[in-house]
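Reviewing the structure listed below.
The values are calculated or read from the model by the stated rules, or taken from the named source; none is laboratory data. Just so it is clear, the structure is predicted and the values come from calculations on it, not from any experiment. As a convention, Cβ positions derive from the backbone with ideal geometry for all residues, glycine included, and neighbour counts pool all protein chains shown. The area values use the complete protein model at the heavy-atom level, side chains included, leaving out ligands, DNA and RNA. Shrake-Rupley method; radii C 1.70, N 1.55, O 1.52, S 1.80 Å.
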Amino acid sequence: MDFSFLSEYWYYFVSGTANTIVIAILTVILGVIIGTVIALMKISHNKVLKAVASSYIEFIRGTPLLVQITLFFYLISLPEFHIFGLELERFIPGVIAMSVNSGAYVAEIIRAGIQAVDKGQMEAARSIGFTHGQAMRYIVLPQALRNILPALGNEFVVVIKESSVLSVISISELMRNTNIIQGAIYRPFEPLAITAIIYFLLTFSLTRLLGYAERRMRTSD
Ligand code: ARG
């Protein structure tokens, strides 16, 4: 084993990790927005909205992320433009593909979270004069959030790991930068070992943080 390449290439790990984190945060934010809309469509009483939401979820969950990423890359063909060293012509379709993918999983997290709240809660709220919307907002959603937030944390962890697939469209996230180092030094193993450790540190610290937040949420019960 020879890690002497680090003195020359360490910055690829740093910038790759930074880009991976940025991509994961953007994906989770956009994924939650998409997922909320899809979840609301799915629990609505409108047949068309329901059908659209179900098709979206089934299609996205039924096709590989790898296929979705490459599909979006060719679908949204942008001219070359670079800001802050980010190749946005690949970054944008990449983040959109990740968000569209994550949105389908988030939609199910939110739908399940809302439906897990006992329907007696809605009935009780309605019986004391709340409208459907008020009951949802003040009674059901605050309780649903307790099911939803921990699952969203897990989604964040999944997104960090799955973003490595973006390396196939040459977005300079951690995995892509690792490939660049491997090619430059003609050694495949050492860079990958470091990358595995970095991914692990990212997901492990996030998991610990989420566990802590979840325990605090429970004590406030
Ligand atoms: N590996 C899965 C696939 O290829 C992606 C799963 C994404 N999961 C998620 N919770 N966002 O389809």
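So what's segment 6-220 giving for Rg/Rh, alpha carbon basis, Kirkwood Rh from the mean inverse pair distance?
1.06
Residues with beta-carbon under 10 Å from that of E80, excluding E80: net charge, scoring Lys, Arg +1 and Asp, Glu -1?
-1
Using alpha carbons only, how many angstrom separate the centre of segment 36-90 from the centre of segment 148-221?
Cα centroid of segment 36-90 versus Cα centroid of segment 148-221: 21 Å apart.
Would you mind working out the accessible area per residue for the chain, using a 1.4 Å probe, and quoting it in Å²?
57
Roughly what angle does helix 189-219 make with the longest principal axis of the chain, taking Cα atoms, 0 to 90 degrees, to the nearest 10?
20
Obtain the nm distance between the two label points defined at F84 and I29 by a simple spin-label model: each point lies 7 Å from its Cα along the Cα-to-C-beta direction.
Once both label points are built, they end up 1.0 nm from each other.
Please report the carbon-and-sulfur percent of the accessible area for the chain; probe 1.4 Å, protein heavy atoms only, DNA, RNA and ligands left out.
With neighbouring chains kept in place, the figure for the chain is 66 percent.
Kindly state, to the nearest 0.05, the FRET efficiency for D2 paired with K161, given R0 = 41 Å and r defined as their beta-carbon distance.
0.90
Tell me what the chain gives for mean residue ellipticity at 222 nm when only DSSP H runs of n ≥ 4 count, each as -39,500 (n - 2.57), the sum divided by the residue total, rounded to 500 deg cm²/dmol.
Mean residue ellipticity, 222 nm, calculated: -26500 deg cm²/dmol.
Any idea what angle helix 6-43 forms with the longest principal axis of the chain, computed on alpha-carbon atoms, 0 to 90 degrees, nearest 10?
20
Residue by residue through segment 49-55, which ³J(HN,Hα) values in whole Hz follow from phi under the Karplus form 6.51 cos²θ - 1.76 cosθ + 1.60 (θ = phi - 60°), with glycine and proline marked x?
4, 4, 5, 4, 4, 4, 4
Sort the following peptides by mean Cβ neighbour count (other Cβ atoms within 10 Å, averaged over residues), highest first: 161-167, 95-101.
Ranked from most to least packed, the peptides come out as 95-101, 161-167.
Over the alpha-carbon set of segment 161-221, work out the extent along each principal axis and list the three values in angstrom, largest first.
Taking max minus min along each principal axis of the Cα atoms, segment 161-221 gives 55, 23, 11 Å.
Relative contact order, percent, of the chain when contacts are C-alpha pairs under 8 Å separated by at least 6 residues?
Taking the mean separation of contacting Cα pairs over the length of the chain, I get 29 percent.
Name the residues of segment 1-30 whose amide N is less than 15 Å from a point 7 angstrom out from the Cα of A184 along the C-beta direction?
In segment 1-30, the label zone of A184 (backbone N under 15 Å from the point 7 Å along Cα→Cβ) covers 3-17.
Report, in degrees rounded to the nearest 10, the 0 to 90 angle that the Cα long axis of helix 141-162 makes with the longest principal axis of the chain.
In the chain, helix 141-162 runs at an angle near 20 degrees to the longest axis.
Could you count how many Lys pairs in the chain have their Cα atoms under 25 Å apart, skipping same-chain pairs fewer than 8 positions apart?
Final tally of qualifying lysine pairs is 4.
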